[in-house]
1. Along the Cα-to-Cβ line of S94, 7 Å from the Cα, sits a label point; which residues in segment 53-71 have backbone N less than 19 Å from it?
2. Can you compute 3J(HN,Hα) from phi for each residue in segment 163-168, using the Karplus curve 6.51 cos²θ - 1.76 cosθ + 1.60 with θ = phi - 60°, rounded to whole Hz and x for Gly and Pro?
3. What does the C-alpha gyration tensor say about the overall shape of segment 82-198? Classify as rounded when a/c is under 1.5, otherwise prolate if a/b is larger than b/c, or oblate.
4. Provide the packing ranking of 167-177, 195-205, i.e. peptides ordered by the mean count of other C-beta atoms within 10 Å per residue, highest first.
5. Using packing as a proxy for protection, rank 19-26, 98-105 so that the peptide with the highest average count of other Cβ atoms within 10 Å comes first.
6. Using packing as a proxy for protection, rank 74-80, 134-140 so that the peptide with the highest average count of other Cβ atoms within 10 Å comes first.
7. Efficiency by 1/(1 + (r/R0)^6): what FRET value for S137 and K39, r their Cβ-Cβ distance, R0 = 41 Å, to the nearest 0.05?
8. Convert 37 °C to kelvin, take the viscosity as 0.692 mPa s, use the Kirkwood radius over C-alpha pairs of the chain as Rh, and evaluate the Stokes-Einstein diffusion coefficient in µm²/s, rounded to a whole number.
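Only the coordinates and a few stated rules stand behind these numbers; no lab work does. As the structure is a prediction and not an experimental result, all values here were calculated from the model. We place every Cβ from the backbone using ideal geometry, glycine too, and count neighbours over all the protein chains shown.
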Amino acid sequence: MILDRQQDMHIHCSYNDHSDLNLTVPNIIRTAEEKKLKKIAITEHVRRSSEWTGRYIEELNTHIPSSRVKILPGFEAKILQNGEIDCPQEYLASEYFIIASFHTKYPKDLWYSALIEVAKNPFVNVIGHLAPEVGFSLNDQEIEKLGELFKANDKIVELNSKYVRPPVKFLEIFKRQGVKFHLGSDAHSLGEIGNFNRINHLINLIEE
């Protein structure tokens, strides 16, 4: 499988409180065009209680028609302990690109059962920065079960440049199972957009 380095499928923007202030939607698009990217997903952190989502989607829709880069509007939603994702219901629709990621530490049994439920969620497109928490690991059979579910439910596993994930063992098993992958910088600054240098070894593993 050849991964497209001209696509960055996980970019944040200045609607959150911890990205660079100049990581605005117009600056993201300009930077992506300058770096000759072909496709990006702008996937801001979201919660069900987020009040800015309407303004965010409206701004994206304003810029999408004039951009030389194909833009997917979407969100990164936190995986909850019951396997649901922390995203407003109105955005769980086909026109939005949804990344589901862990942002809360759970014990292994909760983590694993939640991930199984996320794999079955028809509104989730991507499993973001996947890795077990510090303090537990997965055996090959547990990883294989996840891979089977990802493949059966057409989920993409992200190669995440910010956190250098997933672990090599996960990728080796998922690759053998035919799971889909793509690249995400998880950019919180303009300089991180389209920069995958930290995960060259993971890219090489998938492409070899």
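1. 71, by backbone N distance to the label point.
2. 9, 6, 9, x, x, 4
3. Judged from the Cα gyration tensor, segment 82-198 comes out rounded (a/c under 1.5).
4. So the peptides 167-177, 195-205, ranked by packing, come out 167-177, 195-205.
5. Listed from highest to lowest mean packing, they are 98-105, 19-26.
6. 74-80, 134-140
7. Computed FRET efficiency for S137 and K39 comes out at 0.75.
8. Calculated translational D: 190 µm²/s.
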